[in-house]
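Following: one structure in structure tokens, then a few remarks.
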Amino acid sequence: MNSFQKVAEALTRSGSFTVGANYWASHAGTNMWADWRPEVVDRDFKTLSAAGVQVLRVFPLWPDFQPLTRQRGGGGSLAGLFFGEKPIPDTEAGQAGVDEIMIQRFEEFARLAEKHRLSLIVGLVTGWMSGRLFVPPAFESLNVLTDQLAIKWQVKFVKYFIKKLKKHPAIIAWDLGNECNCMGNAPRPEDAWGWTSAIAGAIRLSDNSRPVVSGMHSLIPEFKGGNSWLIQDQADLCDLLTTHPYPIFTPHAKHDPIDTIRTILHATAENHFYGDIGGKPCFTEETGTLGPMIGSYEKASAFLRSSMFSLWANDCRGLLWWCGFDQKHLQHQPYANNAMESELGLFTKDYSPKPMAAEFAKISRFIKSMPFEKLPERTIEAVCILPAGNDQWGAAYGSFILAKQAGFDIEFQYADQPLKDSKLYMVPSASGMHSMFRIKWHELLDKVKAGATLYLSLDDGYFTDFNETFGVELQSRATGTSKSSFVMHGVKDSPTVSFSTKTCLSMKTKKAEILGNNVTGNPVFFRAKYGKGTVYLLTLPVEQLMITSPGSFQSEETSDAWKIYAHMAEPFCRRRALKSNHPFLNVTEHVPGKTKRIYVLVNASPEKIETELEISSGWKLDKKYPAGLSLGKITGGKAKISIDANSGAVLILAK
């Protein structure tokens, strides 16, 4: 297997990881195809490859490669499409509207990538870039996502481009394009599906040997708020889903410093939000801190290092930084009036490396040093069902972080999807009257009757047979008016959390055990038997409250919220041979066989962590990575560990 095949496999098969960057030539940015300088590209590629970059996502700028114009006659009547000022050539390239010179330049580009052993993901319809629309003049007045003339010529371009370039071994995947959901408005999900189907179909018709990559961002599981781009539709039509998890742009992600747990787990949580709901692999196709106005380069390196460890541990396939080189010397749009686009590179224009550049080679060396070729799948203790009608991303993000802090792992599904099998189900921050179809709710309760555990946290949601299911009696409902404290006296350490809630439910117990009250004595956390199973009810949407509150994971008022999760999931967590009780030391478990366990540890904080690990009887330390990791002897089922800030480690236990 050659190096290009290995990178391709890392994206499409479980257990591998690849690293890379998004690329525009260092001398010209988006003008690189018009101002073609192969000697600059050659040096760029040499620099990136030497730094450990394995894959580049690259962009044939749409109007450069398909320079179509529309000319008009009297009264503005359409006189037809032209190739610049000339008639469309009667050649194969011309009939696709494609500039053959640009194709020749991309062929040279692909040969240079092969020379430097850099794999390429090609973003085919590059009509949106860095906040600017790049569309052939012929289509500037059209909605290129819904207008059939524009779609026809996009399909022609894609088919011809792939026909000419598919022979190049460095190209490992075809991306629909860069964030094409920004190129226009798709009024209905059917419009977004139709555009995606047209482009993905053209790709498969031209080359069915390479995966089709979505290239989209800001996907959701249900149509709302004018967003028609659904996770399920992209998964239906593409082989690989993608996230672009920039903290400053993604809801709920910018509230805390970039080297803390909220931001570090952002990419991992969003990848699983997409990938679990879509049922397709998902990788971080572009990310970054977006320059020194967000955080120092040292902080950016810490963010990158711990994010990559987390992504690898959670089977998120890869991370591509935005971008390879700084662009602050460029005077054309979109750089001239967008200060944020200036200093995003791993390298400056003069090829000086920033601290982030060194992290790619470090993580690659670390993974290559493992005594296994691929990391086995992580242990998953719970299925997290995201209710309809609420902020699914916020609920998912909050649930993911709290579960990590509590020492277990979850997978997501949307409420109307077939129910995944599990021993533990979670329905977080349910709101509104349409959280789940009744048939789905009853199917879930049947699982509990048969022995499963269900945890439900409520915002203002409605559920059939609510009182009977949870062994309570709801007395009244009112709008929340002020912050209140909640004491979980039935939970280890009796944690207290303080929130301002949107809805206050006055509750009584009928048969449920009360595990927590507010300061006035109104119960808020319950446990009850239901058939052979167990139900937990929390009448505050802790996931949504945590994720919407800046500093919540560090604040004394709220930082113990994870202990609610730890209590609910304790019977399932105890099955692990190694456990961490530190909320910022995240641990994934991987089981290669009956007598071995692999644990990936990620310090998701900017401070060194010194704590104790719990190790089950009969298990002993087999190997540790890095070799210099400070780990004490196992005494009485415990071992002291010291792990550096924003770093990762691997422990292998054997029986």
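The values are calculated or read from the model by the stated rules, or taken from the named source; none is laboratory data. Everything numeric in this text was worked out from a predicted model, so none of it was measured. Glycine also receives a Cβ, built like all others from the backbone with ideal geometry; neighbour counts cover every protein chain displayed.
For this structure, a couple of remarks:
- Test: residue in region 237-260 that is at pLDDT 95 or above, among the acidic types (Asp, Glu), farther than 21 Å from Ala403 by Cα and in a helix (DSSP H, G or I): no
- Residue check for Lys152: free of Cβ contacts under 8 Å to residues at least 12 places away in the same chain and over 19 Å from Leu241 (Cβ atoms): yes
- Residue that is nearest to the chain's Cα centre (by Cα) [pool: residues in region 296-324 that are over 19 Å from His255 (Cα atoms) and among the basic types (Lys, Arg)]: Arg317
- Test: residue in region 120-142 that is at pLDDT below 95, part of a loop (DSSP other than H, G, I, E, B) and farther than 29 Å from Ala339 by Cβ: yes
- From the list Gly551, Gly516, Gly533, the lone residue that is under 19 Å from Cys384 (Cα atoms) and touching a residue at least 24 places away in the same chain (Cβ under 8 Å) is Gly533.
Listed here are the residues, each with its yes/no results for (1) surrounded by fewer than 21 Cβ atoms within 10 Å (Cβ to Cβ); (2) among the small types (Gly, Ala, Ser); (3) part of a strand (DSSP E or B).
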position	(1), (2), (3)
Trp312	no, no, no
Cys316	no, no, no
Lys328	yes, no, no
Asn337	yes, no, no
Pro355	yes, no, no
Ala358	yes, yes, no
Met370	yes, no, no
Pro376	yes, no, no
Val383	no, no, yes
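- Search result, residues across region 335-344 that are out of contact with any helix residue (DSSP H, G or I) (no Cβ under 6 Å at 6 or more places or on another chain) and in contact (Cβ under 8 Å) with a residue 60 or more places away in the chain: Asn338, Glu341
- Scanning region 25-47 for residues that are touching a Gly at 6+ places or on another chain (Cβ under 9 Å) and either more than 27 Å from Gly318 (Cα to Cα) or surrounded by fewer than 23 Cβ atoms within 10 Å (Cβ to Cβ) (or both) yields one hit, Thr47.
- Some residue of region 545-567 being in contact with a Gly (Cβ under 9 Å, 6 or more places away or on another chain), in the same structural domain as Leu456 (by TED's automatic domain parsing), of a type in the set (D, E, K, R) and surrounded by 19 or more Cβ atoms within 10 Å (Cβ to Cβ): no
- Taken over region 184-208, the residue count meeting the criterion of being without any contact (Cβ under 8 Å) to a residue 40 or more places away in the chain and either in a loop (DSSP other than H, G, I, E, B) or among the acidic types (Asp, Glu) (or both) is 2.
- Contacts under 7 angstrom Cβ, first residue in region 274-287 being in the same structural domain as Ile220 (by TED's automatic domain parsing), partner in a loop (DSSP other than H, G, I, E, B) and aromatic (Phe, Trp, Tyr), 6 or more apart: Glu286/Trp322; Thr287/Tyr246; Thr287/Trp322
- Condition met for Met293 (of a type in the set (A, V, I, L, M, F, W, C) and more than 22 Å from the chain's Cα centre (by Cα)): yes
- Among residues of region 312-349, those that are of a type in the set (Ser, Thr, Tyr) and within 27 Å of Ile264 (Cβ to Cβ), counted: 2
- Count - residues of region 509-550 that are among the charged types (D, E, K, R) and in a loop (DSSP other than H, G, I, E, B): 3
- One residue from Trp153, Trp174 being in contact with a Leu (Cβ under 7 Å, 6 or more places away or on another chain) and within 25 Å of Phe45 (Cβ to Cβ): Trp174
- Those residues of region 588-630 which are over 11 Å from Ala649 (Cα atoms) and free of Cβ contacts under 8 Å to residues at least 24 places away in the same chain, in sequence order: Gly593, Ser617
- Selection status of Ser301, of a type outside the set (Phe, Trp, Tyr), part of a helix (DSSP H, G or I), touching an Asp or Glu at 6+ places or on another chain (Cβ under 8 Å) and surrounded by fewer than 24 Cβ atoms within 10 Å (Cβ to Cβ): yes
So that you can scan it fast, the table gives a plain yes or no per residue for (1) over 22 Å from the mean Cα position of the chain (by Cα); (2) modelled with pLDDT of 95 or more:
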{"residue": "Glu373", "(1), (2)": "yes, no"}
{"residue": "Asn390", "(1), (2)": "no, no"}
{"residue": "Lys420", "(1), (2)": "no, yes"}
{"residue": "Ala430", "(1), (2)": "yes, yes"}
{"residue": "Tyr455", "(1), (2)": "yes, yes"}
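- Enumeration of residues in region 497-520 that are at pLDDT below 95 and loosely packed, with under 14 Cβ neighbours inside 10 Å: Ser500, Val519, Thr520
- Candidates Met183, Met216, filtered to the one that is within 20 Å of Leu61 (Cβ to Cβ), surrounded by 16 or more Cβ atoms within 10 Å (Cβ to Cβ), more than 17 Å from the chain's Cα centre (by Cα) and not acidic (Asp, Glu): Met183
- Trp321 at pLDDT 95 or above, touching a Phe, Trp or Tyr at 6+ places or on another chain (Cβ under 7 Å), surrounded by 24 or more Cβ atoms within 10 Å (Cβ to Cβ) and under 29 Å from Ile598 (Cα atoms): no
- Met433 meets the conditions (1) closer than 20 Å to Ile231 by Cβ; (2) in contact (Cβ under 8 Å) with a residue 40 or more places away in the chain; (3) surrounded by fewer than 18 Cβ atoms within 10 Å (Cβ to Cβ) in every case but one. The failed one is (1).
- Of all residues in region 630-655, those satisfying the criterion of being more than 29 Å from the chain's Cα centre (by Cα) and assigned to a loop (DSSP other than H, G, I, E, B) are Gly632, Lys633, Ile634, Gly636, Gly637, Lys655.
- Each residue in region 461-496 was checked for being in contact (Cβ under 8 Å) with a residue 24 or more places away in the chain, outside any strand (DSSP E or B) and surrounded by fewer than 18 Cβ atoms within 10 Å (Cβ to Cβ), and 8 pass.
- Within region 390-431, being under 21 Å from Ala253 (Cα atoms) and in a loop (DSSP other than H, G, I, E, B) holds for Asn390, Asp391, Asp409.
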